[in-house]
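Below is one structure, written out as structure tokens, with a few remarks after it.
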Amino acid sequence: MVGKKVIITGVPGVGKTTVINTAMKKIAMEGVPYQNINFGNFMFEVAAAEGLVQDRDQMRKLDRHVQKRLQKLAAEKISTIDGNVIIDTHTSVKTQNGFLAGLPEWVITAIMPDVLVLVETDNDQILIRRLSDKSRVRDMESSKFIAEHQVLNRAFAASYAMLTGCTVKIVVNADFLLDKAVEELSAILR
Amino acid sequence: MVGKKVIITGVPGVGKTTVINTAMKKIAMEGVPYQNINFGNFMFEVAAAEGLVQDRDQMRKLDRHVQKRLQKLAAEKISTIDGNVIIDTHTSVKTQNGFLAGLPEWVITAIMPDVLVLVETDNDQILIRRLSDKSRVRDMESSKFIAEHQVLNRAFAASYAMLTGCTVKIVVNADFLLDKAVEELSAILR
Amino acid sequence: MVGKKVIITGVPGVGKTTVINTAMKKIAMEGVPYQNINFGNFMFEVAAAEGLVQDRDQMRKLDRHVQKRLQKLAAEKISTIDGNVIIDTHTSVKTQNGFLAGLPEWVITAIMPDVLVLVETDNDQILIRRLSDKSRVRDMESSKFIAEHQVLNRAFAASYAMLTGCTVKIVVNADFLLDKAVEELSAILR
């Protein structure tokens with residue numbers, strides 16, 4: 001398909017949504033349009049269209065093999081979209097049983113992205129942002145655990161890049177430096 | 001097959017065996033039975049059954065391609081076992097030529113585990129445990145090298161999870177906190 | 001094919017070339033011959049033989065799919081070489097769009113190396129070596145960025161090893177300790 005496929009990820013609280021939305025506005029004004037797809041929502045729509053679920057909560061109760069099939073189907077649908085696409089998702093997801101690949105082999109090879117962006121910042125800054133954000137209920141984790149998650153995300157990212165040939169771009173979204181993060185992401189999207 | 005497949009790994013001296021045995025007793029008392037398979041021993045039995053070796057030392061002298069075939073065969077046999085299975089092995093193994101994947105592609109995709117557990121703790125604690133353990137002859141390594149091994153293990157773990165969809169659970173077995181490690185592992189096994 | 005395939009990598013400024021050349025001389029004197037192939041040059045020759053390019057600059061302008069095909073072809077040609085081979089390349093390459101796998105799946109599985117060597121040293125030492133080296137024009141990066149690159153390289157290395165079963169050997173090329181690095185590499189090559 002014609003167009004760039006850019007996957008954007010970051011641990012909860014890093015400010016991924018703000019960076020994406022601001023960068024999208026900026027480059028839209030420059031005449032570079034992007035469609036923004038949230039992978040989780042997109043997969044839910046695929047499942048709902050099949051009549052498998054009616055609300056998001058039912059998604060995680062699906063059989064592992066059904067989930068895998070839906071993930072793959074969603075990824076294949078995304079790969080056929082014409083034009084530039086941002087895929088908003090997670091490099092890895094924290095679950096009760098540990099970290100789960102957000103882009104397992106059957107997903108990442110179906111999407112075959114051009115770039116995988118990791119939005120990162122200092123673990124302490126993420127912790128403070130989570131504590132300050134009253135609009136969302138988030139698991140409270142120590143700075144040490146956030147570090148663990150960010151370290152593992154880099155390792156997952158390398159394995160995705162090894163398999164697909166996409167680049168891995170780290171965009172730092174530091175306190176007071178949102179503009180810098182937005183400009184770095186915009187340069188990738190252009 | 002029915003049942004959970006949980007791979008449990010950790011660098012020498014981290015206390016993996018103690019954590020596994022204590023957690024297995026605990027959950028057996030709760031009525032959750034697990035079979036504990038040491039991957040190295042299991043592979044030896046497969047090789048011995050074929051008449052290829054008579055003792056463990058001969059294993060490492062086998063041709064690389066024969067080793068690969070035996071690894072795969074052992075993994076396939078494990079995958080057909082009914083019921084809950086712990087696979088006790090290594091995320092990566094130190095050899096004279098560097099770190100070797102303990103669960104290369106042909107092994108991890110045959111087992112298709114539910115969870116990969118990394119038992120970890122501070123590098124200094126591992127060093128002291130090794131120095132204190134007179135029951136086993138272990139290579140003496142600096143704390144820096146142990147750090148290198150644990151860092152690489154996380155990277156290997158992410159690549160295994162990318163390929164199979166298993167979760168990566170880090171269980172910290174810190175000094176004086178064995179109970180915590182056992183409870184965390186038990187929660188995974190339940 | 002008969003012979004060892006050893007891939008040697010390291011970030012710019014780590015002193016990879018010096019370590020390789022010194023180790024090759026040392027083991028040649030011991031009667032262990034190695035052929036040294038620069039992967040980038042080799043791929044250029046493959047492309048030039050097809051009439052696709054006339055100089056190195058044209059390589060990066062080739063279509064992504066053509067590049068992929070050439071990478072694979074070069075890797076397959078290397079895999080058929082008899083005798084011991086050093087492949088001088090990069091674990092990951094810094095580009096404008098982020099880090100690119102130097103040995104993506106279609107390259108590493110074609111080469112099927114015995115060992116992947118990461119030549120590493122402290123980030124600060126690399127920075128100072130780059131600042132001191134007036135013979136080459138190199139991007140100036142902060143020590144923090146060099147750290148990021150070396151961390152990601154370990155993760156890439158683990159994913160290559162997971163896929164192929166090669167070992168990952170870290171050779172530290174510290175200031176004043178070139179002899180140690182050369183001896184460690186020589187031990188791998190012997």
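So if R0 is 35 Å, what FRET efficiency would A:Arg69 and C:Ile128 give, r being the distance between their Cβ atoms, rounded to the nearest 0.05? Don't skip to the answer; put the middle values down first.
Working: r = 53 Å, r/R0 = 1.52.
For R0 = 35 Å, the calculated efficiency reads 0.05.
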Shape of the stretch C:1-78 from its Cα gyration tensor (a ≥ b ≥ c, root eigenvalues): rounded if a/c is under 1.5, otherwise prolate when a/b > b/c, or oblate?
-> prolate
Please state, as a whole number in µm²/s, the translational diffusion coefficient that the Stokes-Einstein equation yields for the stretch B:101-157 at 4 °C and 1.567 mPa s, with Rh defined as the Kirkwood radius across alpha carbon pairs.
-> 98 µm²/s
Say the dipole of the protein assembly as shown comes from +1 at the beta carbon of Lys and Arg and -1 at that of Asp and Glu; which of C:Ile78, C:Ala174, C:Ala157 then lies farthest toward its positive end?
-> C:Ile78
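Could you calculate the FRET efficiency of A:Lys180 with B:Val151 from 1/(1 + (r/R0)^6), where r is the beta carbon distance between them and R0 is 25 Å, rounded to 0.05?
Values: r = 28 Å, r/R0 = 1.13.
Calculated value: 0.30.
On a 18 Å Cα-Cα criterion, which of the cross-link pairs A:Lys169/C:Lys144; C:Lys61/C:Lys144; B:Lys16/B:Lys61 come out too long? Let's see the in-between values first.
Numbers: A:Lys169/C:Lys144 15 Å; C:Lys61/C:Lys144 30 Å; B:Lys16/B:Lys61 27 Å.
Check vs 18 Å cut-off fails for C:Lys61/C:Lys144; B:Lys16/B:Lys61.
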Inter-part distance where the stretch B:1-15 and the stretch A:162-190 are each reduced to a Cα centre, Å = 36 Å
B:Asn38 label points, 7 Å along Cα→Cβ, one per copy: pairwise distances from this copy to the rest in nm, shortest first?
-> 5.0, 5.0
State to the nearest 20 debye the size of the charge dipole of the stretch B:136-190 about its Cα centre, where the only charges are +1 on K and R beta carbons and -1 on D and E beta carbons.
-> 140 debye
The stretch C:31-185: Kirkwood hydrodynamic radius (Cα pairs, Å) comes out at 17.1 Å
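Determine the shielding of peptide A:58-70 by partner chains: average, over its residues, the number of Cβ atoms on other chains within 10 angstrom of each Cβ. Before the final figure, lay out each step's value.
On the way: counts 0, 0, 0, 0, 0, 0, 2, 0, 0, 1, 1, 0, 0.
Averaged over the peptide's residues, the number is 0.
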List C:Ser142, B:Ser186, B:Ser79 from most exposed to least, where exposure is judged by having the fewest other Cβ atoms within 10 Å.
-> C:Ser142, B:Ser79, B:Ser186
Measuring from a point 7 Å out along Cα→Cβ, what nm distances, shortest first, does C:Thr109 have to its partners in the other copies?
-> 0.6, 0.6
Put the label 7 Å from Cα along Cα→Cβ for B:Arg69; what are its distances to the other copies, in nanometres, shortest first?
-> 3.6, 3.6
About the Cα centre, charge dipole magnitude for the protein assembly as shown (Lys/Arg +1, Asp/Glu -1 at Cβ), debye | 320 debye
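Quick one: compute the contact order of chain C, relative version, from alpha carbon pairs under 8 angstrom and 6+ residues apart, as a percent. Write down the numbers at each step before the final one.
Values: 267 pairs, mean separation 64.4, N = 190.
It rounds to 34 percent for chain C.
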If amide H atoms are modeled at 1.01 Å from N in the peptide plane, then the residues at a separation of 5 or more from A:Asn38, or on another chain, having amide H under 5 Å from its own are A:Asp88
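In the stretch B:85-190, what % of DSSP beta bridges are antiparallel (nearest 5)? Please report the intermediate quantities before stating the final value.
Numbers: 4 of 10 bridges.
Close to 40 percent.
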In Å³ per residue, the alpha-carbon convex hull of the protein assembly as shown encloses 186 Å³
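Provide a whole-number value for the mean count of partner chain Cβ atoms within 10 Å of the Cβ atoms in peptide A:100-112. Provide the component values of the computation, followed by the final result.
Values: counts 6, 11, 1, 1, 6, 7, 2, 2, 1, 1, 0, 0, 0.
Counting Cβ atoms of other protein chains within 10 Å of each residue's Cβ and averaging gives 3.
None of the figures in this text is laboratory data; all of them are computed from the coordinates on show. Every value quoted in this text rests on a predicted model; they were computed, and no experiment measured them. As a convention, Cβ positions derive from the backbone with ideal geometry for all residues, glycine included, and neighbour counts pool all protein chains shown.
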